[in-house]
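The values are calculated or read from the model by the stated rules, or taken from the named source; none is laboratory data. As the structure is a computational prediction, the values presented were derived from the model and not from experiment. Here Cβ is always computed from backbone atoms with ideal geometry, including for glycine, and neighbour counts include all displayed protein chains. These accessible areas exclude ligands, DNA and RNA; they are computed on the full protein's heavy atoms, side chains included. Shrake-Rupley method; radii C 1.70, N 1.55, O 1.52, S 1.80 Å.
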Amino acid sequence: MTAYFGEGPHHQAHVDPLAALRAPGDPAWDVYLTGTVFLDIIFTGLDSAPVRGTESWARGMGSSPGGIANMATALARLGLRTSLAASFGDDHYGEYCWDALAQGEGIDLSASRTVPGWHSPVTVSMAYDDERTMVSHGHEPPPEEPAPDCPPRARAAVASLTPGRPAPWIAKAAGRGTRVFADVGWDDTGAWDLASLKDLQYCEAFLPNAEEAMRYTRTRCPRAAAHALTEHVPLAVVTLGAEGAYAVDRRTGESASEPAIAVEALDPTGAGDVFVAGFVTGTLAGWPLADRLAFAGLTAALSVQEFGGSLSAPGWSEVAAWWRAVQSYEGQEPAALSRYAFLESLVPKTECVDPWPRRRAVPTIGFGRTA
């Protein structure tokens, strides 16, 4: 059973994928996460990469919260009650990001705070010829940046593991029954030692990309890496880029492989965050492993057809519009349609959704949102 709430932020048809599971006494939040929020400024429509000593004009521009806000937005747009702990600068950038997340996306910021005298980190992204170049600026976050020793009760949490740097909140959250989903960044030390990921032992699932998984497990095949990782974490999900994703669940003995959906990619920013959000959504809803992988891949594919990180995160309106559109294509393979048949009971009704692909209004600082 899926509950529909009418229109939510961004005129999304609001779906609660956990409606059938909710009960008195449940945690207030479905997902908790913490990290650094950036202001992302995205220039689009550049004819080429910027050339030294010249001025380039972009035909498009957007502004949005970035960094950990990409993940928080992706989760919230899929209907999960999301709580974010982060520091915000007391400049206009910080105010804009706070309002965009709290008011625009309905994300709980009660564990966040505004830091006097600290300016917001900024990333400028330039998209051209299916590539992107980014320039970032920011100071060290204040020592008090939220990573609470006792995070709020939540069904799940999303964490980014750092070699040699355990985060105390992860163990405490897991000890209170929160299911922790973790990814990891590139290991600049070159050690690629799983023992350095101290918090992996507290995680429900680990979602590295293929290169990271193979380096950590000393294997030459992403699928072999996934199986090797289940010696350290119950559920391993390895993303394979254009080849899709592969997952192994040690507890059930289940494995699944799903190909990627072929799309015209405009900007991959935030696609990994959207994939994790889709997988977390399916896991908390109790879907079969293969459906979770397929849904995560679909949401990531929808996101790369838009520019920006949090700007591109799809909601249920986009998922529903895609599902209606692909069913109308002549000559559509029945097997391909049947793979996503589980969406039929989840997506909003036709009259609730916009045509697909949907072009969002792109907000900029100081202007109100447009319909």
Residues of the stretch 16-61: accessible area per residue with a 1.4 Å probe, Å²: 55 Å²
Counting DSSP beta bridges with both ends in the chain, the antiparallel % (nearest 5): 50 percent
Mean accessible surface per residue for the stretch 84-218, computed with a 1.4 Å probe while every protein chain stays in place, in Å²: 48 Å²
Rg/Rg_ref, the stretch 204-284, where Rg_ref = 2.2 N^0.38 Å and atoms are Cα: 1.07
Asp193, Asp188, reordered so the largest accessible area comes first (probe 1.4 Å): Asp188, Asp193
Rounded FRET efficiency, nearest 0.05, which uses the C-beta distance separating Met134 from Ala325 and R0 of 35 Å: 0.65
Summed residue charge, Cβ within 11 Å of Leu346's Cβ, Lys/Arg positive, Asp/Glu negative: -3
Semi-axis lengths (Å, descending) of the ellipsoid that matches the C-alpha gyration tensor of the stretch 78-197: 25, 22, 16
Accessible area of the stretch 76-129 belonging to carbon and sulfur atoms, whole % at 1.4 Å probe: 51 percent
Residues with amide H under 5 Å from that of Gly67, placed H, sequence gap 5 or more: Phe38
Dipole magnitude of the chain about its Cα centre (Cβ charges: Lys, Arg +1; Asp, Glu -1), debye to nearest 20: 800 debye
Local electrostatic count, Phe279, Cβ distance below 13 Å [Lys/Arg +1, Asp/Glu -1]: -4
Farthest toward positive dipole pole in the stretch 24-174 [+1 Lys/Arg, -1 Asp/Glu at C-beta], among Thr54, Val115, Trp29: Trp29
Kirkwood-based shape ratio for the stretch 174-222, expressed as Rg/Rh from alpha carbons: 1.00
Average accessible surface area per residue within the stretch 281-344, 1.4 Å rolling probe, Å²: 31 Å²
Fraction of accessible area attributable to carbon and sulfur, the stretch 222-324 (%, probe 1.4 Å): 54 percent
Longest to shortest principal axis, alpha-carbon extents of the chain, angstrom: 55, 54, 48
Ser160, Ser56, reordered so the largest accessible area comes first (probe 1.4 Å): Ser160, Ser56
Net charge of Cβ neighbours under 14 Å - reference Thr219; Lys, Arg +1; Asp, Glu -1: +1
D_trans [Stokes-Einstein, Kirkwood Rh over alpha-carbon pairs] for the stretch 141-257, 20 °C, 1.002 mPa s, µm² s⁻¹: 146 µm²/s
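Show me the helices of the chain, taken as full DSSP H stretches, that run 15 Å or more along their long axis by Cα and average 0.5 or above in Kyte-Doolittle hydropathy.
For the chain, where a helix must reach 15 Å along its axis and average at least 0.5, the hits are 271-284, 289-303.
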³J(HN,Hα) computed for each position of the stretch 100-106 - Karplus, 6.51 cos²θ - 1.76 cosθ + 1.60, integer Hz, glycine/proline x: 4, 7, 6, 7, x, 10, x
Difference of contour (0.36 nm per residue) and Cα-Cα distance, Lys172 to Ser110: 20.4 nm
